[in-house]
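Below is one structure, written out as structure tokens; the observations come after it.
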Amino acid sequence: MHISSAIFDCSAPDLAACPDELLPEFAFIGRSNVGKSSLLNLLAGQDGLARTSPTPGFTKLINIFTINQTWRLVDLPGYGFAEGAKKDSARFNQAVAHYLKHRPNLCLVFALIDSGLEPQAMDVDFIEWLARNAVPFVLVFTKTDKEKPAIVEANIAAFTARIAGWFEQLPASFKCSATLAQGRQELLGVIEEALTAIQAEAAQTPVAEDSPGSPRKPSGREIRKSRPDLLRPW
């Protein structure tokens, strides 16, 4: 997939403030300091698209970017917050939960896990929540350049073993490093595959009665219904 344009759309405090549901959305989320903003900038090919900060919990709103004028990349607040932001964490977590459960044009969640750490309870709990709420996701193990390969592989194996009992088939997983530009094409390939499936579904949708000869854009709920089954392994 070639990224020809990446434009900031808006920052939304909650689901109600998000833009229309006409474009497919792909959301990225992870524990604070997992390297999410750096990964988003790598995917978009723009260093300053998502703001990076050495301060954990910097992202506190649902930040939405339109890519190639055809789909959206969504930067969700992390589920761990910096000291001083605790009074806001419940509100932001509720906003994220509502988005993940009720956004009809959300196609897929990229759940980011720090590959340099042994399984963290917060990450495991979040994956269990995604599975329990039937939110389609893939795992993305970040910062693979920060530790020796053997440690990275051991941590990934330990994490997948912790969650294996919740699935008939484990979710797809990917390794990435924003520093080394590793994993970009693989993640964009997942998005492209999902978009292709949506377009194929839209091509079979009847033409809207009020616009003869013009294909109707699929609604948000139709987009959600047409998610590829391979992205929902439970």
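Please treat every number below as a calculation from the coordinates, not as lab data. Remember, it's a predicted structure, so these values are computed and weren't measured experimentally. So basically every Cβ, Gly included, is an ideal-geometry build from the backbone, and we count neighbours across all protein chains shown.
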Between their Cα atoms, which of 36/175; 60/175; 36/101; 101/175; 148/175 are more than 19 Å away from each other? 60/175; 36/101; 101/175
Give me the number: length gained by fully extending residue 170 to residue 146, i.e. 0.36 nm times residue separation minus the C-alpha to C-alpha distance, one decimal in nm. 6.1 nm
Expressed as a whole-number percentage, the relative contact order of the stretch 107-179 with C-alpha contacts under 8 angstrom and at least six residues apart is 42
Sequence-distant residues sharing a close amide H with residue 9 (under 5 Å, placed H): 64, 65, 66
Once label points are set 7 Å from the Cα along Cα→Cβ at both residue 158 and residue 129, what is their separation, rounded to one decimal in nm? 2.3
Any chance you could run the full-extension gain for residue 2 through residue 202? It's 0.36 nm times the residue separation minus the Cα-Cα distance, nm to one decimal. 69.8 nm
